[in-house]
Amino acid sequence: TNDESIRRKFLNCIAELLDHTKGGRYVAAPALREKESSVEIDVTSNSPFQPSDAGSGRDAGVHEEAPAHSTLSNLQDSCCRPLLEVTVARSASRVDGWIKEFAKLVGGTLMLPAAAIPPIDGASPLDLCQDDQLPAILDVVVRELALRVQVTRTRKLKAADRLSIVRLAARIAQSPDAASAGLKRLAPLMNGSKAVRLCRLMARPDANLRTLARIAQLLPSFRAVTFIQVTPPARIRLSREQMPSFADAWERLGLPKSSRLPGSLSRKQSRFRKDCARAFPVHCDAQLLLRYEADPSLAPSLPYIGCSKRACFLCHALLSVLALQIKLRGHHGHCYPLWGVGLAQSVSLRPQFRQLCAMVHEKIATQPCSRNTRPVTIGIPQSSAVSELRSAVVEVLRQQSDRRESLERENQEFRERMQILLGNLTPP
């Protein structure tokens, strides 16, 4: 349903804001329990949360009640510029990577002289117009974005540069077709569709904050949010007796017996031993699944776990063997060798873990390992800049909600007038 899509979008936006660095280290997973006038959100990450995560929450109007709890009292103000500055600063490494990609795309194709580059600290056209005036100055916005990104090729990116570029990219992402045409006029050799996609990526902090604010306006209970930080479990380390050799692993998988291992595998025996000796963390979505399986009273009211990436094979397989009726944000099918699932604390979960091990064995055994073949991977990206719920849909739903409230008020007034009228007509 649309209402469920909105709540899913809310969780995914939070996950993307928390995942401030490329890669899997800081991937976050939230799940919510909705109450009548507020919501609770369990949040966990592949790595323990950093002090800067709590700091950004305070800047957003989050007030700490306990070491693991925070309350967001006014999400409607989340699009204010100070919060955007904090969010962009936290995501600096990720945003800078996208800006560099955009700069490579712009480099060598820009048809304007360097003298036309405006000072980075000068007034932005965004400061001189409202959102409804944007179409009239879109070409100016496109030109300024391209020029400011070009500046980053010759000097170090500053916080003001980064914030300005994110804001410009956010406005361009609102009108992708017109922006693509404007970019083509500015740089005829530029790949317009790729440029707009990079604008969406650069604008993600701004877009996520705006989406959270719109959803809070649409759903009043989402204006008071309590975040509960779920502490990741201790990392798992195998004892020396538990570490299999290549030959043992080959035999356990039931693979055809051979006098020697394929050359592609024999060269990796040293790496295999090092990988087995590492401490294995638990994926964030697996942490929540095991938490809710162990204590069903904590299960989310929305059967969905948000994330900034799609689930890996291990997490998706874990969900399939548990009794939970919870959905994840899709799965990409890759099996990571350095992620683990914690040992079952309850005897009742051991059959599910044995089933999970059997699924992992089958997954590994089905991968071709001959000299002339490469492992087959599923071509599904682990993350996507494409939103499952467009901003226009949120706006339409908000308008529908306003109309419903207006109609309810009119019906209530009509019933009150009828009661007064019938009371006057009643004989003494």
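None of the figures in this text is laboratory data; all of them are computed from the coordinates on show. Worth saying up front: this structure is predicted, and the values here are computed from it rather than measured. A quick note on method: Cβ atoms are made from the backbone with ideal geometry, for glycine too, and the neighbour counts reach across all protein chains shown.
Just a few scattered comments:
- Sorted by Cβ neighbour density within 10 Å, fewest at the top, the residues Cys13, Cys276, Cys357, Cys199: Cys357, Cys276, Cys13, Cys199
- The fewest-to-most ranking of Thr231, Thr87 by surrounding Cβ atoms within 10 Å reads Thr231, Thr87.
- Amide hydrogen neighbours beyond the local backbone of Ser308, cut-off 5 Å, H modeled: Ala28
- With R₀ set to 30 Å, the beta-carbon distance separating Lys184 from Ser5 gives a calculated FRET efficiency near 0.35.
- Using the Cβ-Cβ distance between Leu253 and Ser406 with R0 = 51 Å, the FRET efficiency computed as 1/(1 + (r/R0)^6) comes to roughly 0.20.
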